[in-house]
Structures are given as structure tokens and as C-alpha cells.
Amino acid sequence: MSRRGLLGIAGAGLVALGASAATGYAVGRPAAEPAPASRSYPITGAHQTGISTPAQDRLHFATFDLLTEDRDDVVELLRTWTAAADRMMRGLPAGELGPSSGPYDAPPDDTGETEDLDASHLTITFGFGPSFFEGADGAARFGLDGRKPALLADLPHFPADALEDARCGGDIAVQACADDPQVAVHAIRNLARLAFGTASVRWSQLGYGRTSTTSTSQSTPRNLFGFKDGTANIKAEEPAALEDHVWVQPEDSASDPGAAWLAGGSYLVARRIRMTIETWDRSSLREQETITGRTKGSGAPLSGGDEHTEPDFTVTGRGDVPLIDPASHVALAHPSANGGARMLRRGYNYTDGSDGLGRLDAGLFFLCYVRDPATQYIPLQNTLARDDLLSEYLRHTGSGLWAVPPGLPAGSTTGGTDGAYVGQTLFEA
């Protein structure tokens, strides 16, 4: 096991960040040879990276609560974070001096654990929650009266939710994805360091083994139940689908004036879903496939074909019983059962050790991006929580919704008072 493979066991530095556990990264792997600089993404573009970008294998997700009510402090934090994210996504230290230079009697401006590593396809994605715009008393924060999108509201309590307050919400969400877990953790660690005095970590989650494919160049992964997941996910190579289902459009502000600044952005839904692993593992293969609606081996729908064959819910078998159970996950989650609504999923497996009864605290850290959470996510989750056969094996323990601003204009520079920053369209439009 490499030193970075041990990160999930050691959990070094994560206690201070309030991470629940790091065992999700306890996966051995040989040390990789240095990769070329091309393993990096630019921070500029019409949309933030980390959404339709090909999904990496590792995740460190964190939410922050602001400790200030001063608008200038928030803008300065966003400027600082954007400049640091720009550098780290290019494989550079978070600060210009780096971890081993600068004043000897002052803390370094980078923590140093990625000094010998490349960018590892790091993407850092930022989003603003409902509490970013309004306090508990409903009063606007940071002079953002009339700037909160109507669609940006706390998700409702769905049937059978077992939410833990310590795993819900947050003023700002930051999603760091990379091919190397140490690179993803380094990103969140340094953003938390730079936020000292202005924002603090509310909760965080480590993820491994992506559970969706966001590019046709990627094979379909498996979730911890052993089934292929995300077969029909929206792909980066589907620009029309992205426009229809993921990116907020300028015309959306006609019905939601508060969302005018969000054109080119999206809405991020996060759900921490614990799986009752031990109960599932004692279920028969027949039952597992009936509940899922797909074969466990190939991932093909039970109506026939291969993994990518469109399910046929009209095909029946013995006694005219549908081959795909109408209450199976595939049947209820299919766009045809949800008014054609689709979403871009970007979830990860997680394993946070065991509970006091020796059961794995493991499951799916569900992430999805949608243009309209009120029509694309909330009705679907209500249906799944109420009718899905799979829901018996799931328990939702964490939740949140954030508005994800658009990307930075091409050619933008970051840093200083003149640099572009994430959220600029919100504060300066």
C-alpha cells in the first residue's frame, strides 16, 4: 500500500476539517509515475469544471458556514479561493511561495502534501446554499436582496429520511474531484486554511469509486450493491441534453428573476445514502435483480439486450408478469416515468468505518446537477422513497442543495482586486 493509499486509514489532517471518517480511501494502489502537465483542467470556461467534466475516481466534498456578515469579507474570500483553486488545478501550490519557502517564522502558504504530485485532473466546484442568501430570520445577507433564486430552497423531508443535522446544509459547498485522493484532500484542506476567520467547515465527506459515468469514454462503474450504476446518465458528449437538463438558461430568469446571475450555472443536489450492506448481502440474486431491474453481471435490463439496451417495460414473462417489476429501481427512476426529466449524476461510493454493532457505515454519496430541482429531482425522490423496492435497503442521512455559479470567462486571470472570481456574476451584476 502506497503512502497515499494509507490516507484513508490515517485520516491525517481531516479531524480538524470535521470529516466524519476517511476509510473510504483505504484502497491500496502502487505509486504512480509523474504524469504530464496535460492532466489538468483550466478554471475558465462557460461552466465550472467538475460537472460535465469526465468523472474522476476520488472525491472530497465539504460545506462551509460563513462566520461574517460583511459583504466585502465574503467577496475577498471568493477571490482568494478562486486564485488558489486556479493554482491547484494547474498542479501548483495553493500560494505563490509554496510549502517550503517564505518567511521562516510564518506558516507556509501551502500545506505541502502534493509537492511531488501532478494536478491529477483536479476540479474544484463551488456552490451557494439557501443560507448563503438569507439568515435564520429570513433577512437577506450580504446585500443580496432579490438575488436568491426561487428554486434555491432547502429540500423537503422525504419519506423515510433519517437526516442528521451535522450532515446537512451549509452556506457554501465545495466539491473537489481528482484521480488521486491526496490531491482532492489537499484542495479542501488548503481552502479551509485560507478561510480561517471567515468561514469554517460544517461537514465533509470522502468518496471513492465513482458511481456514474459522465463521458462516453468511460466504462460504467458499480455501486456497493455490486450493480452497474449510471448507465443512462447524461454524458458530456450530449450538449443538447446538457442545455435542456443541466445548465440554467438566460430565459429561466423570466419566471425567476433572482436567478438571472445563474445563467450558465446549475443546481447541485447532495444526498448521503447509507446502504444496509449486511441485509442486502443475505438477499438472493433473484431478489437483488428484481429490486434493481437489471442483471447483476452485464447490467442489461431484465427485458433483454445488453447494458445499454433501453428497458422495455411492456415485456412480460410467465403468467403475463412484467419482466421488469413496475416497482423496481429502473422502472421508477426511468425518464419515461418522470415526465422525461433527466439529471447529470456524479456520485461516489463511501465507507466510513463501522458502527457500534459492527455494521459497515457505507453507501452512496449521491451528487447530481439539474437545471430545475423542483421538477427534476424532488418529484423523483418522493416517488423512489415511497414506492421503490430498493428503498428498503437505503437510509438517507445527509442532504443539501446549492446554486452553482457559471464559470469564469475565457482568458480571465485570477488573484488581486482585478481578477475574476467564482460568484462574480452574483455580486457584481
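The values are calculated or read from the model by the stated rules, or taken from the named source; none is laboratory data. It should be emphasised that the depicted structure is a prediction, and the values quoted were computed from it without experimental measurement. Don't worry about glycine lacking a Cβ; one is built from the backbone with ideal geometry, like all the others, and counts go over all protein chains shown.
Here are the numbers for the structure shown:
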quantity	calculated
Pairs, first aromatic (F, W, Y) in segment 254-274, second assigned to a strand (DSSP E or B), C-beta under 7 Å, six or more apart	Y267/Y369; Y267/V370; Y267/L401; Y267/A403; Y267/V404
Options G299, G265; residue that is surrounded by 21 or more Cβ atoms within 10 Å (Cβ to Cβ), out of contact with any Gly (no Cβ under 8 Å at 6 or more places or on another chain) and among the small types (G, A, S)	G265
Residue list for segment 133-169, restricted to those being touching a residue at least 12 places away in the same chain (Cβ under 8 Å), over 30 Å from E392 (Cα atoms) and among the charged types (D, E, K, R)	E134, R141, R147, K148
Positions within segment 284-297 being at negative phi and in contact (Cβ under 8 Å) with a residue 12 or more places away in the chain, in sequence order	Q288, E289, T290, I291, T292, R294, K296
Subset tally (residues that are in a helix (DSSP H, G or I), aliphatic (A, V, I, L, M), surrounded by 21 or more Cβ atoms within 10 Å (Cβ to Cβ) and touching a Ser or Thr at 6+ places or on another chain (Cβ under 7 Å)) for segment 243-262	1
Pair list, Cβ under 8 Å, 6 or more apart: segment 379-404 residue more than 20 Å from I324 (Cα to Cα), other residue surrounded by fewer than 19 Cβ atoms within 10 Å (Cβ to Cβ) and acidic (D, E)	H396/D161; T397/E164; G398/E164; S399/D161; L401/D154
Matching residues in segment 75-94 - criterion: being surrounded by fewer than 23 Cβ atoms within 10 Å (Cβ to Cβ), more than 15 Å from G419 (Cα to Cα) and either touching a residue at least 40 places away in the same chain (Cβ under 8 Å) or under 21 Å from the mean Cα position of the chain (by Cα) (or both)	R90, G91
Answer from S219, S200, S215 - the residue that is of a type outside the set (A, V, I, L, M), closer than 19 Å to A85 by Cβ and either at pLDDT 95 or above or surrounded by fewer than 18 Cβ atoms within 10 Å (Cβ to Cβ) (or both)	S200
